[in-house]
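A.B. asks: Have a look at this one before I ask anything.
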Protein chains: 2
Amino acid sequence: MALITMKFGGTSVADIERIRHVASLVKREVERGNQVAVVVSAMAGETNKLVAWTNDAARNANNLALPDQREYDVVVAAGEQVTAGLLAITLNAMGIKARSWLGWQIPIQTSAVHGSARIEGVPASDMKTAIENGEVAVVAGFQGVAPGTRISTLGRGGSDTSAVAVAAGLGAARCDIYTDVDGVYTTDPRIVPKARRLDKIAYEEMLEMASLGAKVLQTRSVEIAMLHRVPTRVLSTFTPDVGGTLLCDEEDIVEKKPVTGIAYSRDEAKITLVRVPDRPGIASAIFGPLADAGINVDMIVQNVSEDGATTDLTFTCTRGELARALAAIQTHAKDIKYQDLIQDAAVAKVSIIGIGMRAHPGVASTMFRTLSEKGINIQVISTSEIKVSVLIAEEYVELAVRALHSAYELDAA
Amino acid sequence: MALITMKFGGTSVADIERIRHVASLVKREVERGNQVAVVVSAMAGETNKLVAWTNDAARNANNLALPDQREYDVVVAAGEQVTAGLLAITLNAMGIKARSWLGWQIPIQTSAVHGSARIEGVPASDMKTAIENGEVAVVAGFQGVAPGTRISTLGRGGSDTSAVAVAAGLGAARCDIYTDVDGVYTTDPRIVPKARRLDKIAYEEMLEMASLGAKVLQTRSVEIAMLHRVPTRVLSTFTPDVGGTLLCDEEDIVEKKPVTGIAYSRDEAKITLVRVPDRPGIASAIFGPLADAGINVDMIVQNVSEDGATTDLTFTCTRGELARALAAIQTHAKDIKYQDLIQDAAVAKVSIIGIGMRAHPGVASTMFRTLSEKGINIQVISTSEIKVSVLIAEEYVELAVRALHSAYELDAA
């Protein structure tokens, strides 16, 4: 007997018929002798409807574009509350004792950053007692409670994070993330039909994959899984018995290829400041205002100074933040003293990820050569111990990903 | 400056446009210098949708007809949560500081009878402090928290009760119930076009009106208003400046007519047990099993024994309980020993209500004479200090109500 956590996303609970299917998967685990906590998202479409209402309520009343974030959370959290109650009803009607747990009831303690709160603790002893007494715990995902008693939400995709955090809080043996794909792939199968499902992936690799554009799991959920060493599986709601990918420790992976997967992100924009003075403090003159404006600057490259007095500086951010980044720079133009500013939102980031990279020299050069052979110009490079990312023109994304997938011998036979 | 409570039902908050109208009414009170707690129902249609989901979830999974009541409450309470958040967003966007309060946050303490919980206390000191600090409190109606931390709901129409209980808990100067009619009428205007709106009605009269079929306020809300002497007004969301009816103490009503209003209910069924033994203990042999089955027996009449050995006994219950009442009786047929059982669901109850009745003898006889003149047979009579109810064939309801309305001089000029 083991305590396991299962998580089902919006498409898996889109209507009562699908909720019944989810209940049957939960029932199967109970009949195997497992204790179960099951985390659910809102029914597909419900969150969008609720979000639209909050925007309508804020926008039309005045010119304000954003609803009060604390009240946004109150409205949006209702979506998961409904699903949790419905699944508990379904389970009880099937003869499986179950009760719903809302974020504030567990409690899932979060920061006070409403709309994208961070889970800070899950002291789930009451819920654990209920589970040990033979009751399935049905947890409303995506929500928590901020200091005090206000409802908080974790931001889009937050139910993955809820699931892993609940698994950690309960000391669960495993966290199964049921989704609409049957695992983590070497890259996006829509771009590379020869992409292969990975049986296992190291937490560190998955974290990079998620951060760098793979959409299968939310970054924060992988962080928590890694931090608490929660064995986490990604598997399909609709074909739960085939495939699946296990997130695990590096040591549990026998065959370590140099590159495990290839991620890409089109949500990139590039800003180049031409001929800024090459003097101490220039970086902080630029990135200080950007940080103050809440811009997440990603890649940064500063050219070698050619004339000894000025240099070009390039950085990237998400496309959604581009306008705000430009405004922040232009507001501080006097301090920065750049000669020209070039923006480009038609760029994309392609990354190779693999813990095997540490042991295999020459992995990056294979990447650069492969792209060069396809005539793809690399605009910016960023590396860490287990990944190499390059910024390229967006139009080359598919070509680059396919070429790299072959070059690192990831193609399925 | 006064602390007032306002309550808006489902049709008043049916969409964002109407929520904005509600916000404008709240704003008007704030601009008059009042402190405001506003209680809202779910958007019209939402509760029905949620209830249908709970029934689907329970019914199809198995043959059980009823969803788990605690989980039903979790699902259904989401409706008011959404409205409360949306109204708070709207108010904030209009520049009125506001926050939502859910049942468990206030808390609205209720019994553990999920689905139709009873409010037991509203220790609203946190909310009162927030209101005194200049914030409008937007309260999710219809919901509370049962002992422990489970969400409870008050049953249909419960938001009226929430509003009055919140007004009592806050020590509010007034509770304004905004609805789709502009007040309490002498009788149902759909039946009697000459029905008149009452400027004032005594709590006791309103309680009888609500209990006896008038649908404008929920009975429990009137009980709480009466118990805590909360001056409660019924007025129209759409024409808030005209009309309205104030619930108040008897002493505050100057002109006391013998009859204030006429109520009727079609939700009545009659059971007659023919020739039951006329012996001590027979009533408990009949009504014990009915009480055990949770049947609310309303009117009871026992005929004088003609043969000295047997008698006929008639009682009424709601139509929804008729089948269960018959089953309870038939299960105990051996103990009761009736000769025959006659049921009739085509009956209705018509009642005259008025505190003036105490001072005016002959009020009941006017009722009986009036009905007799119209050829309407009275099947059962039940009286209290301030009302007389009669059971008649359902087909005569409109005729009876109109005749009585004229007989007691209630017709508008």
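Here, each number is a calculation from the coordinates, and none is a lab measurement. Bear in mind that the values here come from a model prediction, so they are computed numbers and not experimental data. All Cβ positions, even for glycine, are placed from backbone atoms using ideal geometry, and neighbour counts span all protein chains on display.
A.B. asks: Go through B:297, B:317, B:389 and say which Cα lies farthest out towards the positive end of the charge dipole of region B:262-407; charges sit on Cβ, +1 for Lys and Arg, -1 for Asp and Glu.
C.D. replies: Sorting the options by dipole projection puts first B:389.
A.B. asks: Rounding to the nearest 10 and keeping the result within 0 to 90°, find how far the Cα-based axis of helix A:363-373 lies from the longest principal axis of chain A.
C.D. replies: Roughly 60 degrees between the two axes.
A.B. asks: Then there's this: Sort B:54, A:239, A:90 so the one with the fewest other Cβ atoms within 10 Å of its own Cβ comes first.
C.D. replies: Working: B:54 25, A:239 10, A:90 31.
Least to most surrounded, the residues fall as A:239, B:54, A:90.
A.B. asks: Quick one: which residues, 5+ away or cross-chain, put their amide H under 5 Å from the amide H of residue B:101? H built at 1.01 Å from N.
C.D. replies: Residues meeting the amide H criterion: B:138, B:139, B:140.
A.B. asks: Where a Cα-Cα gap under 19 Å defines reach, which lysines qualify for residue B:27, not counting those fewer than 8 residues away within the same chain?
C.D. replies: Once the sequence-local lysines are set aside, what remains near residue B:27 is B:7, B:97, B:128.
A.B. asks: Let me ask you something else. Relative contact order (percent) for region A:221-286, with alpha-carbon contacts under 8 angstrom and 6 or more residues of separation?
C.D. replies: Computed value for region A:221-286: 18 percent relative contact order.
A.B. asks: Suppose every Lys and Arg Cβ carries +1 and every Asp and Glu Cβ carries -1, with no other charges. What dipole size does the protein assembly as shown come out with about its Cα centre, to the nearest 20 debye? Mind showing how you got there, number by number?
C.D. replies: On the way: 82 positive and 98 negative charges, 25 e Å.
That gives a dipole near 120 debye.
A.B. asks: While we're looking at this one, here's another question. Given the options A:55, A:34, A:303, which has the most mean-square fluctuation in a GNM of chain A, springs set between C-alpha atoms less than 10 angstrom apart?
C.D. replies: A:303
A.B. asks: Let me ask you something else. Measuring from the axis that superposes chain A on chain B, report the chain A residue with the minimal C-beta distance, rounded to whole Å.
C.D. replies: In chain A, the Cβ lying nearest the symmetry axis toward B is A:78, 2.
A.B. asks: Okay, next question. Using the Kirkwood formula on the Cα atoms of region B:224-316, what hydrodynamic radius do you get, in angstrom to one decimal? Don't skip to the end; give the middle numbers.
C.D. replies: Numbers: mean 1/r = 0.0557 Å⁻¹.
Across region B:224-316, the inverse of the average 1/r is 18.0 Å.
A.B. asks: Nearest 20 debye, what's the magnitude of the dipole of chain A about its Cα centre given +1 on Lys and Arg Cβ and -1 on Asp and Glu Cβ? Kindly include the intermediate steps, with their values, before the conclusion.
C.D. replies: Working: 41 positive and 49 negative charges, 102 e Å.
Computed charge dipole of chain A: roughly 480 debye.
A.B. asks: For region A:180-284, which GluC sites (Glu not before Pro) are both in a DSSP coil and crowded by at most 10 other Cβ atoms within 10 Å? It would help to have the intermediate numbers written out before the result.
C.D. replies: On the way: sites: A:204, A:205, A:208, A:223, A:250, A:251, A:255, A:268; in loops: A:255.
Here the GluC sites (Glu not before Pro) that fit, given the DSSP loop and packing criteria, are A:255.
A.B. asks: Relative to the first principal axis of the alpha-carbon coordinates of chain A, what is the inclination of helix A:46-61, with its axis defined by its Cα atoms, in degrees from 0 to 90 and to the nearest 10?
C.D. replies: Around 60 degrees separate the two axes.
A.B. asks: Which one, A:274, A:286, A:326, is farthest towards the positive end of the dipole of region A:252-342 when Lys and Arg carry +1 and Asp and Glu -1 on their Cβ?
C.D. replies: So the residue furthest toward the plus end is A:326.
A.B. asks: Most mobile of B:241, B:307, B:176 per a Gaussian network model of chain B (Cα springs, under 10 Å)?
C.D. replies: B:307
A.B. asks: Please identify which residues in region B:363-397 have an amide N closer than 20 Å to a label point set 7 Å out from the Cα of residue B:409, following the Cα→Cβ vector.
C.D. replies: B:363-371, B:387-388
A.B. asks: Another question, if that's okay. Averaged across orientations, what area in nm² does the convex hull of the alpha carbons in chain B project?
C.D. replies: Numbers: hull surface 91.4 nm².
For the Cα atoms of chain B, the hull's average projected area reads 22.9 nm².
A.B. asks: According to the Kirkwood expression over distinct Cα-Cα pairs, how big is the hydrodynamic radius of region B:306-413, in Å? The partial results should precede the final answer.
C.D. replies: Working: mean 1/r = 0.0618 Å⁻¹.
For region B:306-413, the Kirkwood estimate is 16.2 Å.
A.B. asks: Take the Cβ-Cβ distance between residue A:319 and residue A:215 as r, set R0 to 22 Å, and report the resulting FRET efficiency rounded to the nearest 0.05. Let's see the in-between values first.
C.D. replies: On the way: r = 16 Å, r/R0 = 0.73.
Using R0 = 22 Å, I get an efficiency of 0.85.
A.B. asks: Also, I was wondering about something else. Counting other Cβ atoms within 10 Å, which GluC sites (Glu not before Pro) in region B:344-401 have at most 10 and lie in a DSSP loop?
C.D. replies: Values: sites: B:373, B:385, B:394, B:395, B:398; in loops: B:385.
Taking region B:344-401 and a limit of 10 other Cβ atoms within 10 Å, the loop GluC sites (Glu not before Pro) found are B:385.
A.B. asks: From the phi angles alone, apply the Karplus equation (6.51, -1.76, 1.60; θ = phi - 60°) to region A:341-355 and give each ³J(HN,Hα) in whole Hz, x where the residue is Gly or Pro.
C.D. replies: The phi angles translate into 10, 10, 10, 8, 9, 9, 10, 8, 10, 10, 10, 9, 10, x, 5 Hz.
A.B. asks: Still on this structure, I have one more. Can you compute the equivalent ellipsoid semi-axes for the protein assembly as shown, i.e. the square root of 5 times each eigenvalue of the Cα gyration tensor, sorted largest first and rounded to whole Å? Can you show the working numbers first?
C.D. replies: Details: eigenvalues 875, 224, 72 Å².
Equivalent ellipsoid of the protein assembly as shown: 66, 33, 19 Å, largest first.
A.B. asks: Amide H neighbours of residue A:108 under 5 Å, counting only residues 5+ apart in sequence or on other chains, H built in-plane at 1.01 Å?
C.D. replies: Answer set, sorted by chain and number: A:145.
A.B. asks: Normalised by the residues of chain B, what does the relative contact order come to in percent, with Cα pairs under 8 Å and at least six apart? Can you show the working numbers first?
C.D. replies: Numbers: 906 pairs, mean separation 55.8, N = 413.
Result for chain B is 13 percent.
A.B. asks: Fewest Cβ neighbours within 10 Å first, please rank A:372, B:111 accordingly. Walk me through the numbers before you get to the answer.
C.D. replies: Details: A:372 11, B:111 15.
Ordered by Cβ neighbours within 10 Å, fewest first: A:372, B:111.
A.B. asks: What FRET efficiency comes out for the pair residue A:369/residue A:341, r = Cβ-Cβ distance, R0 = 25 Å, nearest 0.05?
C.D. replies: Working: r = 33 Å, r/R0 = 1.31.
E between residue A:369 and residue A:341, to the nearest 0.05, is 0.15.
A.B. asks: Residue-wise, which Karplus ³J(HN,Hα) couplings in Hz belong to region B:80-94, taking 6.51 cos²θ - 1.76 cosθ + 1.60, θ = phi - 60°, and x for glycine or proline?
C.D. replies: 6, 4, 5, 4, 4, x, 5, 5, 5, 4, 4, 5, 4, 5, 8
A.B. asks: Could you give, in nm with one decimal, how far residue A:111 is from each other copy of that position, shortest first, with labels 7 Å out from Cα toward Cβ?
C.D. replies: 4.6
A.B. asks: If we hang a label 7 Å off Cα along the beta carbon direction at residue B:307, how far is it from the matching labels on the other copies, in nm, shortest first?
C.D. replies: Here the equivalent label points are 12.4 nm apart from this one.
A.B. asks: Of A:377, A:214, A:107, which is farthest along the charge dipole of chain A in the positive direction, counting Lys and Arg as +1 and Asp and Glu as -1 at C-beta?
C.D. replies: A:107
A.B. asks: While we're looking at this one, here's another question. Put the label 7 Å from Cα along Cα→Cβ for residue A:340; what are its distances to the other copies, in nanometres, shortest first?
C.D. replies: 10.7
A.B. asks: Let me ask you something else. Would you mind getting me the FRET efficiency between residue A:28 and residue B:66? Use the beta-carbon distance for r and R0 = 25 Å, nearest 0.05.
C.D. replies: Values: r = 25 Å, r/R0 = 1.01.
With a Förster radius of 25 Å, E is 0.50.
A.B. asks: How would you classify region B:1-133 from its alpha-carbon gyration tensor, with a ≥ b ≥ c the square roots of the eigenvalues: rounded for a/c under 1.5, else prolate if a/b is greater than b/c, otherwise oblate? Spell out each step's value before the answer.
C.D. replies: Details: a/c = 3.14, a/b = 1.70, b/c = 1.84.
In terms of gyration-tensor shape, oblate.
A.B. asks: Another question, then. Averaging sequence separations of C-alpha pairs under 8 Å and six or more residues apart, then dividing by the length of region A:1-148, give the relative contact order as a whole percent.
C.D. replies: Working: 260 pairs, mean separation 38.2, N = 148.
With pairs under 8 Å counted, the relative contact order is 26 percent.
A.B. asks: Taking θ = phi - 60°, what integer Hz values does the Karplus form 6.51 cos²θ - 1.76 cosθ + 1.60 yield along region A:105-119, in sequence order, with x for Gly and Pro?
C.D. replies: Running phi through 6.51 cos²θ - 1.76 cosθ + 1.60 with θ = phi - 60° gives 7, 5, x, 9, 7, 10, 5, 8, 7, 4, x, 8, 6, 10, 5 Hz.
A.B. asks: Which one, A:264, A:72, A:338, has the greatest fluctuation when you compute a Gaussian network model over chain A with C-alpha springs under 10 angstrom?
C.D. replies: Of A:264, A:72, A:338, the most mobile in the Gaussian network model is A:338.
A.B. asks: Treat every Asp and Glu Cβ in region B:66-208 as -1 and every Lys and Arg Cβ as +1, leave all other atoms uncharged, and give the resulting dipole magnitude about the Cα centre to the nearest 20 debye.
C.D. replies: Its charge dipole is roughly 160 debye.
A.B. asks: Turning to a different aspect of this structure: Given points 7 Å out from each Cα along the Cα-Cβ axis, report the residue B:326 to residue B:378 separation in nanometres with one decimal.
C.D. replies: My value for the distance between the label points is 2.9 nm.
A.B. asks: So for A:25, B:154, A:170, fewest C-beta neighbours within 10 Å to most, what's the order? Could you put the intermediate results ahead of the total?
C.D. replies: Numbers: A:25 17, B:154 30, A:170 25.
Going from sparsest to densest Cβ surroundings: A:25, A:170, B:154.
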